[in-house]
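Engineer: Here it is, the structure, as structure tokens.
Where a number appears in this text, it was derived from the coordinates with a stated rule and is not lab data. Because the structure is a prediction, the values reported are computed rather than measured. Positions of Cβ are backbone-derived with ideal geometry, glycine not excepted, and every protein chain shown enters the neighbour counts.
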Amino acid sequence: MISETRINAQNKINARANEVEGHLIRILSEWQGIKACKVSGYGGFVQKLKLQLREYEQSHGYNVPDSTDCEYGSEWWLNCYPRHTTIMASLRDRKTSQTVELYLARFDDSSGLLTSVFNYTKRKTDYTVESVANNIKKATELEEQARQLRSQVRDFSIH
């Protein structure tokens, strides 16, 4: 059974991810058609974008190491990074260890040019224990129905 604590943690990180994704997409949209990522050495972001992202993190209180203010320093940890041809971010709630991956943009790995910024994804922030439990139950029932249907036509399956 999913607990109320788990539901609240997911709603909380989804709400924060919605906010962060909107901010990062706005930042990255200014880079469309511009070299945003290094293509030699160890890769990473070009210095100007790296500084812009770091400034965003600092101005919004992300990635603050442990301090006397809070057991964890800042509650939120945000890591933006290029991977293959995608610019991503990982948002983590350090108190609950909940993590959300954000897919933000695409870049050309041969030139480093940012080619497109993804559309904003609004994550659900109003989960309830009942709705999640009902959906898990329904999914399990549908999976069982699918297994039964597949077994009825297994002689016709192409492997």
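Engineer: Can you list the HN-Hα couplings for segment 31-38, worked out from phi with the Karplus curve (6.51, -1.76, 1.60; θ = phi - 60°), rounded to whole Hz and with x for Gly and Pro?
Structural biologist: Residue by residue, segment 31-38 yields 9, 4, x, 10, 5, 10, 10, 6 Hz.
Engineer: OK, next. Please report the relative contact order for the chain, taking Cα pairs under 8 Å with a sequence separation of at least 6, and give it as a percent rounded to a whole number. Walk me through the numbers on the way to the answer.
Structural biologist: Numbers: 213 pairs, mean separation 45.1, N = 159.
RCO, the chain: 28 percent.
Engineer: Additional query: Net charge around Lys137, counting only other residues with Cβ within less than 12 Å of its Cβ (Lys, Arg = +1; Asp, Glu = -1)?
Structural biologist: Details: positive: Lys138; negative: Glu130, Glu141, Glu143, Glu144.
Neighbour charge sum, excluding Lys137 itself: -3.
Engineer: Taking H as built 1.01 Å from N, whose amide H comes closer than 5 Å to the amide H of Lys38, not counting residues under 5 places away?
Structural biologist: Gly44, Phe45, Val46
Engineer: Still on this structure: Check which residues have an amide H placed less than 5 Å from Trp76's amide H, if you skip close sequence neighbours.
Structural biologist: Asn63, Arg94
Engineer: Straight-line reach from Lys95: which aspartates and glutamates have Cα under 13 Å away, leaving out those fewer than 8 places along the same chain?
Structural biologist: Candidates past the 8-residue exclusion: Asp66, Glu71, Glu75.
Engineer: Further question: Cβ under 14 Å from Cys37's Cβ, Cys37 left aside: what net charge do those residues give with Lys, Arg +1 and Asp, Glu -1?
Structural biologist: Values: positive: Lys35, Lys38, Lys48, Lys50, Arg83, Arg106; negative: Asp108, Asp109.
Around Cys37, the surrounding residues sum to +4.
Engineer: Let's test the formula: R0 of 25 Å, r as the Cβ-Cβ distance of Thr115 and Glu19. What FRET efficiency results, to the nearest 0.05? Show your work: numbers first, answer last.
Structural biologist: Details: r = 25 Å, r/R0 = 1.01.
For R0 = 25 Å, the calculated efficiency reads 0.50.
Engineer: Next question, about the same structure. Could you list Asp155, Asp109, Asp126, Asp93 so that the one with the fewest beta carbons within 10 Å of its beta carbon is first and the one with the most is last? Intermediate results must be reported in sequence, preceding the final value.
Structural biologist: On the way: Asp155 6, Asp109 14, Asp126 9, Asp93 19.
Listed from fewest to most nearby Cβ atoms, that is Asp155, Asp126, Asp109, Asp93.
Engineer: Sequence-distant or interchain residues sharing an amide H contact under 5 Å with Phe118, placed H: which?
Structural biologist: Ala105, Arg106
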